[in-house]
Every structure is written in structure tokens, then in C-alpha cells.
Amino acid sequence: MVQTVASVGLPIDETLMIQKNRLIPKKGLSGNEKRISIVTGTHGDELEGQYVCYELQRIIKENYDCLTGIADIYPALNPLGIDSITRGIPGFDLDMNRLFPGSENGSMPEYIAAKIIEDLRGSAAVIDIHASNIFLEEIPQCRINELSKDTLVPLAKKLNLDYIWVHSSATVLESTLAYSLNVIGTPTLVVEMGVGMRITKKYGDQLVDGIFSLMKELGIWSGEVKPPKEPIISDDGEVSFINAGSSGVFLPSVEHWKNVKKGDHIGDILNPLTGEVNERIEAEKDGTVFTLREYPIVSEGSLIARILA
Amino acid sequence: MEEKILFELCSVYRDNMRIKGYSFGEGEHSVCIVGATRGNEVQQVYICSRLISVFRQLESQNKIRNGKSVLVVPCVNPHSMNIGKRFWSTDNTDINRMFPGYNLGETTQRIADGVFRNVNDFRYGIQFTSFYMQGSFIPHVRMMKTGFEDIELAKDFGLPYVFRRNAKPYDTTTLNYNWQLWETKAFSLYTNATDRIDEESAAEVINAVLSFLNKRGIIEYNCHEGYISKFIKGSQLVNVKTSKSGFFVRHARVNSKVRKGERLAEITDPYSGEILDKILSPTNGIIFFHADQPVIYSHTPLYRIIPTDDLI
């Protein structure tokens with residue numbers, strides 16, 4: 001059943017609605033069912049979660065008898081952003097994932113943020129699906145604030161992801177959806193995968209398998225599930241960053257999610273005006289390239305790759 | 001006056017981006033003044049340009065006091081300003097959410113780092129900044145509650161109000177916040193314009209900065225000392241919102257005195273012209289902020305009022 005979580009009147013004959021679809025067991029609700037919430041579309045240019053929302057519901061609907069709890073699907077927390085291919089909230093140019101927990105008395109974006117938190121509160125688990133941005137490609141991974149690792153790592157291991165990154169805490173991240181929910185006791189897992197403005201079906205299928213595995217663990221799904229893969233788990237200390245030292249056009253020499261040795265050629269930054277190589281980029285240590293630059297144009301400082309030692 | 005490049009970013013497709021600083025006087029790093037960090041902060045650059053003219057004149061008259069120096073950085077983000085974009089030209093990140101910066105990080109982290117290295121050891125830091133929503137303010141000094149803020153010192157600007165609000169998590173990466181962590185006495189000055197030049201409020205803020213520097217013994221400048229500033233906390237302001245969307249027909253303007261029940265604005269239907277909501281003042285007071293976009297969403301804060309019964 002499609003429900004409206006928040007609505008705001010727009011000036012010219014339109015209502016902005018944040019909607020979810022609630023799927024419940026065929027036999028109805030006893031009141032004791034657990035709830036899993038799938039949220040995505042916080043950034044309007046991140047689309048990987050759209051396929052996951054569809055595919056998850058398709059499989060549930062084909063196997064309705066196996067649904068033993070509640071599945072709430074929120075495909076678009078920032079519908080105006082998705083519709084207008086805008087990462088932030090159009091009209092405000094704000095990053096929606098820096099507004100939580102929001103405020104019912106605040107501006108329109110803060111009001112919506114508060115209503116979303118109110119609706120998600122109490123879920124047994126929330127999966128917040130992101131897709132990097134248009135600049136970087138990511139392997140399917142879960143990012144966990146070290147403050148919540150004891151609660152979240154066991155849940156994340158069910159999600160059939162390649163990697164769990166336990167990162168250090170930063171005050172600025174306290175205004176994210178995930179932090180705001182975790183701090184009120186609603187376990188929330190941030191998934192990053194793929195690349196902005198695209199859908200990578202194999203990553204989506206991988207995550208859907210993982211969500212069913214987690215649903216089974218939580219008692220929300222009784223059907224067969226595939227055993228989740230064993231993810232690599234690391235903290236910040238094992239991740240190194242490669243940033244561009246000059247501007248130009250980045251042409252990679254490595255493939256995403258492949259191993260590299262120290263000194264291996266990662267790629268070149270080319271100068272199309274002079275026909276010269278502005279910078280040759282090499283791996284500074286052995287590891288696996290789990291983030292790789294997708295968008296070719298780079299400025300000094302642009303992230304080229306992240307390598308997991 | 002010395003013009004120097006504080007940070008330079010090379011580009012393949014555009015001219016290099018140069019962040020320039022203009023310094024006056026010699027000796028201790030007394031005050032740093034930063035203008036636009038966003039590409040639409042035209043008023044903020046304009047105010048800096050006017051200040052640079054004044055400092056040039058004061059320096060030629062030996063009115064920058066001995067052992068004191070002033071640095072003005074008019075624009076931290078020329079690349080975005082030149083294409084009419086508020087945030088960073090390529091990835092849309094906000095430089096004023098990147099401080100103190102990181103010299104090995106992403107582009108805007110490097111810009112923030114390049115600026116902050118040049119401005120982090122001043123006694124006083126003044127930033128002209130803007131609000132994320134379109135609207136007009138009474139010119140004021142804006143501060144965050146960090147434990148380092150100095151309200152009494154802020155009153156030396158002689159602006160009508162010193163406003164303090166609680167810091168939010170995302171504030172911790174602003175220039176103002178990081179200045180305070182580095183023990184610079186930091187102040188954000190708001191005028192009632194951003195992407196246009198408003199001469200009247202620019203003149204008021206320029207006078208406020210010069211008055212402050214005169215009182216702090218950095219320059220010799222005789223001017224009107226302004227107001228005896230009133231201190232207000234964010235929690236004291238009364239917010240006025242609407243549950244309707246449509247045309248925002250504003251009647252009461254910033255700095256107006258309004259009485260409880262007085263008509264402030266109307267929201268009208270964009271097609272029929274029907275009045276959907278009459279916005280009445282919930283209190284006696286002075287209008288501190290109003291939105292100024294012609295069409296508005298529902299739940300938009302339209303006014304912020306300083307409550308007072310002392311209306312003459």
C-alpha cells in the first residue's frame with residue numbers, strides 16, 4: 001500500500017510527496033512483526049537503489065507467503081532531485097544528507113527530514129542505499145561509523161556485500177540520515193555501490209540477495225536465501241587515497257576491484273590541448289582498487305582511486 | 001598595499017584560479033577579512049573592494065597603526081562566481097563546509113586549506129557571508145555558540161544586533177568555526193543582500209568594520225560608532241511560517257516594527273489570485289528576517305521577529 005510520509009505544497013499547482021510502499025504479510029498484521037525499511041534517492045543523481053526497490057518488491061510479490069514482517073520501500077527521499085537530475089534539493093541547493101534529524105518547525109527541507117526520521121524510527125533495520133556520485137565507481141560496500149560498529153557490523157555481514165568500511169567518526173557526519181537514526185536506536189546501514197546516474201544491475205541483484213538474507217535473520221522473510229558472501233572488513237588505516245596532482249583528462253590503466261602492486265600504473269592525466277601527459281599515477285602500495293574515477297575530467301585534488309591494503 | 005596570491009589552482013580548460021589577498025600595514029596579524037566563499041556572494045566581494053580602497057587610503061596617510069596589519073581576501077571562489085554558480089564549479093561542494101581543509105584531499109578541501117593556512121593566525125577574523133535561503137536580514141553580527149565566542153567584543157561593530165545561535169554538526173567545517181578553534185576571535189557579518197549590490201547595507205557594514213578596527217587600535221579612523229548593539233539568541237526569535245504555497249505578497253519589510261495581529265503578508269493562489277493565507281504577526285516586535293522569493297513552498301519560514309513591546 002502506497003503511503004505518503006510527508007507532503008509539501010509547491011507554488012504552482014503541485015504537491016511534493018515523499019512516498020513509501022508498505023508490504024505486509026498476506027495474513028495481515030498481528031502487531032508483533034518486525035519492519036525493514038529500504039530508503040534511497042537522498043541524492044538525486046544516485047539511481048542504483050531504484051532497481052533494488054523494484055526487484056525486491058518483485059520477488060516479494062511473487063513469494064508473498066514468505067513475507068513474515070513488514071517491508072517499507074522508500075524509493076525517493078528527494079523526488080524533485082531525481083526528477084530534475086539534481087544531486088541536492090532543487091531550489092535550495094542543499095545536500096539533503098546534511099539536514100537530519102531535521103525540524104518540524106524548520107524550512108521545507110528540514111520539515112521533510114523530520115517527517116522521514118519520524119516514519120523510519122522503530123524499524124528493525126534501515127538500509128540507506130547510495131551510489132557514490134557521477135565521479136566515482138564503488139564496489140558494493142557498507143560504510144559504518146565506528147561508534148555503531150558493534151551493532152551494525154553483524155547486520156552488514158548479512159548484506160552480501162564485498163566490503164565493510166568502518167570509518168572514523170566526524171562531527172559533520174552527525175547530520176546524516178544514518179547517524180540520526182542510529183543515535184535514536186534504529187539500526188541503519190549505509191550501502192554505497194556503483195556510480196551516479198547509472199544502474200549496475202549485477203550490483204543491485206547482489207544487494208537484493210543480501211537484503212533477503214538480512215530479512216530472514218530478522219524474521220521478516222521465511223523463504224530460501226542465498227548465503228551471503230564473506231565481506232572484507234577494514235578500518236580507515238587500511239584505506240589509502242589517490243588524488244590528482246594536476247588537472248586534465250584521466251584515463252585509467254587498471255580495472256575496478258582488481259589487485260595492484262606498489263608502482264603499478266593506475267592511469268594518466270592527459271592534456272588534450274598540448275598532447276602531453278600531465279601526470280602519471282602509480283600505486284603507492286599493494287592493494288585492491290575499490291574506488292575508481294569514472295568521470296574523466298579532473299582538477300587538482302580530484303579523487304582518482306581508493307586502495308584497500 | 002601588497003597584493004599576493006594566497007592559493008592558485010591550475011586548470012586545463014580555464015585560466016588558473018587565483019585567490020588573492022591584499023595586505024596593509026606591518027607587524028602582528030591583527031585582522032583578516034574574508035568576502036565571498038560562494039559564487040553568488042556578489043555583495044560580499046563588493047564590500048571587500050570598498051574596504052580595500054579605504055585601507056589603501058589609510059595606509060597612505062599612515063593611519064594603519066604601527067605594528068598592526070590587515071589582510072583582505074575578497075573572493076575565495078572566483079571560478080564559481082565567473083559562471084554564476086553558488087557552489088564549486090565542478091562537484092557543487094561548498095568551500096565554506098571544507099575548513100580547515102586538507103592539502104592532500106579533494107579540490108575544495110585543498111582550496112580551503114590554501115586559504116586557511118594564510119588566515120589562521122590572525123587576532124580577529126571577519127567574514128561576510130550569506131544565508132542558504134533567499135531573504136533579507138537586518139545587518140547584524142552572527143555568532144555560533146562554541147564556547148569561544150565573545151559577545152561583548154562583537155558589540156564593538158556597532159551594528160543593531162549581535163545574534164548567537166547554537167552550532168549544528170555541519171557548522172564545524174565553516175571558516176568561522178575553525179577560526180575560533182584556532183583562537184581567532186571570529187565574526188560573521190550579514191547584510192541584506194547576496195547576489196546583488198545593496199549600497200545602503202554595504203555602507204553600514206563597511207562603517208561597522210572600520211569602527212571595530214578603530215576601537216581595537218588597528219586603524220585610526222574617525223567615524224560614527226553606530227548602535228549600542230542588542231544581543232539576541234536564536235531561541236528568542238519568533239518564526240512565522242505558512243502552511244500554504246503560492247505567491248508570497250509581502251507587506252511588512254525587514255526592520256519594520258509590527259504589532260500583534262498586524263498583517264505581514266498574504267499567500268495567494270498562483271492561478272485564481274484567491275487569498276489562501278493571511279499572515280498576521282503573532283507578537284509585537286521588529287522584523288529581523290523575511291523571505292523574499294516571489295513564490296514559496298508550504299512550510300517556508302517567512303519572517304523571523306524579535307519580540308518586544310517597546311514599539312514607538
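Residues in the stretch A:19-36 that are in contact with a Ser or Thr (Cβ under 7 Å, 6 or more places away or on another chain) and not in a loop (DSSP other than H, G, I, E, B) were compared, and the one that is farthest from A:CYS53 (Cα to Cα) is A:ARG35. Check whether at least one residue in the stretch B:43-54 is over 27 Å from B:LEU213 (Cβ atoms), more than 14 Å from chain A (Cβ to nearest Cβ) and surrounded by fewer than 18 Cβ atoms within 10 Å (Cβ to Cβ), and report yes or no. No, the stretch B:43-54 has no match at all. The set of residues in the stretch A:69-89 being more than 16 Å from A:ILE38 (Cα to Cα) and either away from chain B (no Cβ under 11 Å) or among the polar types (S, T, N, Q) (or both) consists of A:GLY81, A:ILE82, A:ASP83, A:SER84, A:ILE85, A:THR86. Reported count of residues in the stretch A:252-297, each being within 25 Å of B:THR108 (Cβ to Cβ), assigned to a strand (DSSP E or B) and within 26 Å of the chain's Cα centre (by Cα), is 8.
Among the residues that make up the stretch A:22-32, is at least one of them within 14 Å of chain B (Cβ to nearest Cβ) and touching a residue at least 40 places away in the same chain (Cβ under 8 Å)? Within the stretch A:22-32, none of the residues are within 14 Å of chain B (Cβ to nearest Cβ) and touching a residue at least 40 places away in the same chain (Cβ under 8 Å). Out of all the residues in the stretch A:237-253, which are more than 14 Å from every other protein chain (Cβ to nearest Cβ) and surrounded by fewer than 16 Cβ atoms within 10 Å (Cβ to Cβ)? Result: A:GLY237, A:GLU238, A:SER253.
Take the residues of the stretch B:3-31 that are of a type in the set (Gly, Ala, Ser) and in a loop (DSSP other than H, G, I, E, B): which is farthest from the other protein chains (Cβ to nearest Cβ)? Here the residue is B:GLY27. Here A:TYR203 clears all of (1) touching a strand residue (DSSP E or B) at 6+ places or on another chain (Cβ under 8 Å); (2) under 23 Å from A:PHE135 (Cα atoms); (3) surrounded by fewer than 20 Cβ atoms within 10 Å (Cβ to Cβ) except the condition numbered (3).
Return a yes/no flag: does the stretch A:205-218 have any residue that is touching a residue at least 24 places away in the same chain (Cβ under 8 Å) and in contact with a Gly (Cβ under 6 Å, 6 or more places away or on another chain). So far as the stretch A:205-218 goes, no, none of its residues is touching a residue at least 24 places away in the same chain (Cβ under 8 Å) and in contact with a Gly (Cβ under 6 Å, 6 or more places away or on another chain). Would you call A:GLU46 assigned by TED's automatic domain parsing to the domain that holds A:LEU159, in contact with a helix residue (DSSP H, G or I) (Cβ under 9 Å, 6 or more places away or on another chain) and outside any strand (DSSP E or B)? For A:GLU46, the condition - assigned by TED's automatic domain parsing to the domain that holds A:LEU159, in contact with a helix residue (DSSP H, G or I) (Cβ under 9 Å, 6 or more places away or on another chain) and outside any strand (DSSP E or B) - is met.
Would you check which residues across the stretch B:153-175 are within 14 Å of another protein chain (Cβ to nearest Cβ) and in a strand (DSSP E or B) and list them? Correct list: B:ARG165, B:ASN166.
Candidates B:ILE306, B:ILE287, B:ILE232: the one that is touching a Gly at 6+ places or on another chain (Cβ under 9 Å) and surrounded by 14 or more Cβ atoms within 10 Å (Cβ to Cβ) is B:ILE306. Taking (1) within 17 Å of the chain's Cα centre (by Cα); (2) surrounded by fewer than 15 Cβ atoms within 10 Å (Cβ to Cβ); (3) in contact (Cβ under 8 Å) with a residue 40 or more places away in the chain in turn, B:LEU189 satisfies each apart from (2). Identification of strands (runs of 3 or more DSSP E) wholly contained in the stretch B:215-312 with 1 or more residues that are more than 13 Å from every other protein chain (Cβ to nearest Cβ) and within 30 Å of B:SER69 (Cα to Cα) yields B:230-233.
The rows are residues; the columns are (1) closer than 25 Å to B:SER89 by Cβ; (2) in contact (Cβ under 8 Å) with a residue 60 or more places away in the chain.
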residue: A:VAL260; (1), (2): no, no
residue: A:GLY263; (1), (2): no, no
residue: A:VAL277; (1), (2): yes, no
residue: A:ILE281; (1), (2): yes, no
residue: A:GLY287; (1), (2): no, no
residue: A:LEU292; (1), (2): yes, yes
residue: A:SER299; (1), (2): yes, no
residue: A:LEU308; (1), (2): no, yes
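Among the residues of the stretch A:94-114, at least one is more than 23 Å from B:ASP94 (Cα to Cα) and crowded, with 17+ Cβ neighbours inside 10 Å.
Could you list all residues from the stretch B:64-93 that are in a loop (DSSP other than H, G, I, E, B), crowded, with 17+ Cβ neighbours inside 10 Å and away from chain A (no Cβ under 14 Å)? If the condition is that a residue be in a loop (DSSP other than H, G, I, E, B), crowded, with 17+ Cβ neighbours inside 10 Å and away from chain A (no Cβ under 14 Å), then B:ARG65, B:VAL76 are the ones that fit.
Residue count for the stretch B:136-152 satisfying the condition of being touching a Pro at 6+ places or on another chain (Cβ under 9 Å) and assigned to a strand (DSSP E or B): 1.
Scanning the stretch B:141-173 for residues that are in contact (Cβ under 8 Å) with a residue 60 or more places away in the chain and not hydrophobic (A, V, I, L, M, F, W, C) gives B:LYS155, B:ASP156, B:GLY158, B:PRO160, B:TYR161, B:ARG164, B:ARG165, B:ASN166, B:TYR170, B:THR173. Has the stretch A:166-186 got at least one residue that is of a type outside the set (Lys, Arg), within 16 Å of A:ASP209 (Cα to Cα) and buried (at least 20 other Cβ atoms within 10 Å of the Cβ)? No: the stretch A:166-186 contains no residue that is of a type outside the set (Lys, Arg), within 16 Å of A:ASP209 (Cα to Cα) and buried (at least 20 other Cβ atoms within 10 Å of the Cβ).
The values are calculated or read from the model by the stated rules, or taken from the named source; none is laboratory data. Not measured: the values here are computed from a predicted model. Backbone-built Cβ (ideal geometry, glycine too); neighbour counts: all protein chains shown.
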